[in-house]
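Each remark here refers to the structure printed beneath this line.
The values are calculated or read from the model by the stated rules, or taken from the named source; none is laboratory data. Just so we're clear, the structure is a prediction, and the values are computed from it rather than from any experiment. Reconstructed Cβ throughout: ideal geometry from the backbone, glycine too, with neighbour counts over all protein chains shown. The area values use the complete protein model at the heavy-atom level, side chains included, leaving out ligands, DNA and RNA. Shrake-Rupley method; radii C 1.70, N 1.55, O 1.52, S 1.80 Å.
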Amino acid sequence: MNPQEIDSSIPVAVSRALWMARDNIIVSDVSLSIPQGQRVVILGPNGAGKSSLLKLMGLMMPPSSGHVHIFGHEPWVESQSKIRHVRSRIAWIPQGLQVVGRLSVLNNAVLGCLARVSPLKTLLGWFPEEEIEKARQALQEVGVESLSGRRTDTLSGGERQKVAIARALVQGGDILFADEPTAALDPVASRDMMQLIKRLSQERGLTTVTVLHDIDLAMEFADRIVGMSDGKLVLDLPTSEVRKEQLDRLYHHLSPVEPPPVVKMSATAVLGKGSAVLRLLAGRAPSAEKTPPQKP
């Protein structure tokens with residue numbers, strides 16, 4: 001994938017991305033592109049690099065080398081203001097949700113507007129009425145509007161998941177990244193959650209990239225399966241073409257999974273001081289000085 005040929009209509013394009021932490025290679029030489037409206041699920045065993053790849057694609061951290069483009073922009077080689085601008089097109093459901101238990105459901109949802117409201121106003125708990133209305137609409141869309149006034153720490157796991165989705169909807173954007181959104185949910189609640197994400201992606205035309213551990217859910221709700229193992233991309237196929245033996249090899253470390261095909265471009269309230277997710281919601285870049293790019 002030539003970074004100079006990235007189509008601006010492509011929501012996510014990764015070219016030879018590598019990410020290292022303390023001299024350990026976590027993501028190794030990954031290249032893929034994701035067209036508008038596609039639902040992608042990333043599968044793989046623990047420690048395979050799934051969440052790290054998701055964070056690279058979602059601009060949570062810069063690659064040590066390689067390129068990450070969002071709608072044709074490569075924010076990490078541009079300005080901080082460009083990173084903020086591009087992040088306005090991204091919504092996040094982080095691992096562990098990071099909803100604030102002592103806040104009401106409505107106040108948690110409205111935190112999705114942090115990138116559009118001045119930090120001083122948010123520290124004072126003041127949000128424009130139009131943002132509060134967006135939060136109410138998002139809660140209605142995910143089916144928990146009746147819980148608006150309740151403290152979030154009194155909700156069930158499935159209800160908290162829906163609050164996190166509502167917050168992501170308030171963020172707006174064209175791409176939704178979800179890191180294990182069904183974690184700690186029972187099978188029925190997990191299926192309900194994935195049905196909700198699928199419905200929202202179809203209604204809003206969202207491109208969605210989700211990390212899951214449940215193979216059955218992935219095969220049911222994804223258009224495309226991406227498999228990671230030892231930091232490498234080892235499987236990249238439309239869901240209809242994925243075979244059981246490929247998934248078995250992915251999770252049981254047998255013979256290497258056949259290499260992925262070349263994917264061609266088509267034209268087609270506070271969460272915690274210093275929290276990376278809070279900075280993301282506010283559209284601010286994480287401190288790049290703390291993770292300087294390294295040569296592979």
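Details
- Within segment 107-160, tally of residues that are over 22 Å from R204 (Cβ atoms) and among the basic types (K, R): 3
- Here the condition is being outside any strand (DSSP E or B) and aliphatic (A, V, I, L, M); of I225, I165, it holds for I165 alone.
- Of the residues A184, A164, the single one that is open to solvent by 30 Å² or more (accessible area, probe 1.4 Å) and over 21 Å from I10 (Cβ atoms) is A184.
- Number of residues in segment 18-43 that are within 23 Å of P181 (Cβ to Cβ) and either of a type in the set (A, V, I, L, M) or modelled with pLDDT under 90 (or both): the value is 9.
- Residue under evaluation R136, criteria (1) open to solvent by less than 50 Å² (accessible area, probe 1.4 Å); (2) at pLDDT 95 or above, criterion not met: (1)
- Residues of segment 220-245 that are more than 21 Å from A17 (Cβ to Cβ), more than 17 Å from the chain's Cα centre (by Cα) and buried (at least 17 other Cβ atoms within 10 Å of the Cβ): V242 alone.
- Restricting L59, L18, L32 to residues that are open to solvent by less than 20 Å² (accessible area, probe 1.4 Å) and not in a strand (DSSP E or B) narrows the list to L59.
- From G158, G173, G149, residue being in a helix (DSSP H, G or I) and open to solvent by 10 Å² or more (accessible area, probe 1.4 Å): G158
- Residues of segment 69-109 classified as under 30 Å from R150 (Cα atoms), assigned to a helix (DSSP H, G or I) and out of contact with any Gly (no Cβ under 6 Å at 6 or more places or on another chain), total: 5
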